[in-house]
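Have a look at the structure below, then the notes.
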Amino acid sequence: MVREGLRERPVPRLRFACILHTCESGKREFAMPINLSIRNVPDEVAERLRARAKANHRSLQGELMEVVKEASISPSRKLSVAEVAAEIGKLGLPRPPRNESTKMIRHDRDR
């Protein structure tokens, strides 16, 4: 406490929240959390995020944290045509016979 005239006021104390984590090398370190801020978010985007947060039973802050986590984990590269075809093939959907689309186009054109 610091005396200020006849009043006493508390001495301000700085508090730092640290997170203990393990690095890839196995060494444990302290890391400071980072605050992120996004400005000028369009109203329709904010509303969709609020609706998504409500659907997932989270606060808007919690939902934004999940979005950031997903974005940091997911690969950011685009899939090639062959990779997309392989993913579709994994779904086990029935495929039309070969050249069926050609027959359909010719039939439609000949009408």
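Coordinate-derived values only; no laboratory data. Not measured: the values here are computed from a predicted model. Cβ: placed from backbone, ideal geometry, glycine included. Neighbour counts: every protein chain shown.
Within the set of other residues whose C-beta is less than 12 Å from the C-beta of LYS54, count the net charge using Lys and Arg as +1 and Asp and Glu as -1.
Details: positive: ARG48, ARG50, ARG52, ARG58; negative: GLU47, GLU63.
Net local charge, LYS54 excluded: +2.
Pop a pseudo-label 7 angstrom from the Cα along the beta-carbon direction at both SER80 and ASN40 and give the gap in nm to one decimal.
3.9 nm
Lys and Arg at +1, Asp and Glu at -1: add these up for the other residues within a Cβ distance under 15 Å of GLU63 and post the number.
+3
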